[in-house]
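The structure appears right after this line, and notes come after that.
Just so it is clear, none of the values below were taken in a lab; they were calculated from the coordinates. The structure displayed is predicted, hence computed values, not measured ones. Virtual Cβ from ideal backbone geometry, glycine too; neighbours counted across all protein chains shown.
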Amino acid sequence: MRKINITMLVAMASISALAQGPMASSIQVFNIAKTDVLRSADKITDELWNFKPTPEVRTFGELFAHIADGQYEFCGPAREGKAPASDLEKNAKNRAATIAKLKEAIAYCDATWATLTPANAFEAPAGSRMTRIASMDFNTAHTFEHYGNLVTYMRLKGIVPPSSEPAKK
């Protein structure tokens, strides 16, 4: 188990980023979320890909696909003023293809972060109800929300989630 909980990690990231500009802490927190999700994907085998605890919820694979779709849904408005089409969750069939698409989707958000500046981060693109930074932060919250689902699934299968692994020395 980690010595520092996620709340402390987020607080520390926020404090350390203050001098780096208005988006630095948001980027740091997104990096934590994406890293935990990607490291989780590495832990799920083909045999576990279609596992779901109850019939009413998503499988591991559907969760990863949903997270990928969310990257476009929330980062798209910040970058392009609207979300590009993405229906990976409806079409996610295998582990390798879904993980590749997840990595592409996260790279899309990484590239979107690079477009934000102090001048445009707090503007709402035409037709959007949120500022660019709010949309990006909402994506991080959504990613963490579903990482929480992944943590539960992994625990049910005896897998230690990335955020609970011992700190590397």
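Would you pick out the residues in the stretch 40-53 that are basic (Lys, Arg) and either assigned to a helix (DSSP H, G or I) or free of Cβ contacts under 8 Å to residues at least 60 places away in the same chain (or both)?
Applying the first criterion (basic (Lys, Arg)) to the stretch 40-53 yields 43, 52.
The one that is basic (Lys, Arg) and either assigned to a helix (DSSP H, G or I) or free of Cβ contacts under 8 Å to residues at least 60 places away in the same chain (or both): Lys43.
Under 6 Å between Cβ atoms, which residue pairs at least 6 apart in sequence (or on different chains) link something in the stretch 134-150 that is closer than 16 Å to Val37 by Cα with a partner that is part of a helix (DSSP H, G or I) and among the acidic types (Asp, Glu)?
Partner pairs satisfying both residue conditions: Tyr147/Asp36.
When the stretch 126-149 is examined, which residues are found to be within 30 Å of Asn50 (Cβ to Cβ) and out of contact with any Phe, Trp or Tyr (no Cβ under 7 Å at 6 or more places or on another chain)?
Pass one, the stretch 126-149, residues within 30 Å of Asn50 (Cβ to Cβ): 138-149.
Those that are within 30 Å of Asn50 (Cβ to Cβ) and out of contact with any Phe, Trp or Tyr (no Cβ under 7 Å at 6 or more places or on another chain): Ala141, Thr143, Phe144, Glu145, His146, Tyr147, Gly148, Asn149.
So for the stretch 153-165 (the condition being within 14 Å of the chain's Cα centre (by Cα), closer than 20 Å to Asp42 by Cα and not in a loop (DSSP other than H, G, I, E, B)), does at least one residue qualify?
As a first pass, look at the stretch 153-165 and keep what is within 14 Å of the chain's Cα centre (by Cα): 162-163.
Pick out the ones that are also closer than 20 Å to Asp42 by Cα and you get 162-163.
Within this subset, residues satisfying the condition of being not in a loop (DSSP other than H, G, I, E, B) are 162-163.
Looking for residues that are within 14 Å of the chain's Cα centre (by Cα), closer than 20 Å to Asp42 by Cα and not in a loop (DSSP other than H, G, I, E, B), one finds at least one in the stretch 153-165, hence yes.
Is there a residue in the stretch 56-63 that is closer than 17 Å to Val37 by Cα and in contact with a Gly (Cβ under 8 Å, 6 or more places away or on another chain)? Walk me through how you get there before you give the answer.
First, pick out the residues of the stretch 56-63 that are closer than 17 Å to Val37 by Cα: 58-63.
Among the residues that remain, those that are also in contact with a Gly (Cβ under 8 Å, 6 or more places away or on another chain) are: none.
The answer is no; no qualifying residue exists.
Identify, from the list Ala85, Ala114, Ala78, the residue that is of a type in the set (Gly, Ala, Ser), within 24 Å of Arg129 (Cβ to Cβ) and not in a helix (DSSP H, G or I).
Numbers: Ala114 fails: not in a helix (DSSP H, G or I); Ala78 fails: not in a helix (DSSP H, G or I).
It is Ala85.
Would it be correct to say that Lys103 is basic (Lys, Arg), in a helix (DSSP H, G or I) and under 26 Å from Thr152 (Cα atoms)?
On the way: basic (Lys, Arg): yes; in a helix (DSSP H, G or I): yes; under 26 Å from Thr152 (Cα atoms): yes.
So Lys103 passes the test.
Restricting to the stretch 69-120, and then to whatever is without any contact (Cβ under 8 Å) to a residue 24 or more places away in the chain and of a type in the set (Ser, Thr, Tyr), can you tell me which residue is surrounded by the fewest Cβ atoms within 10 Å (Cβ to Cβ)?
Per the criteria, the residue is Thr117.
Identify the single condition in (1) in contact with a Ser or Thr (Cβ under 9 Å, 6 or more places away or on another chain); (2) on the phi > 0 side of the Ramachandran plot; (3) not aromatic (Phe, Trp, Tyr) that Gly127 does not satisfy, given that it satisfies every other one.
(1)
I'm told Glu56 meets every condition in (1) free of Cβ contacts under 8 Å to residues at least 40 places away in the same chain; (2) assigned to a helix (DSSP H, G or I); (3) surrounded by fewer than 21 Cβ atoms within 10 Å (Cβ to Cβ) except one. Can you identify the failing condition by its number?
(2)
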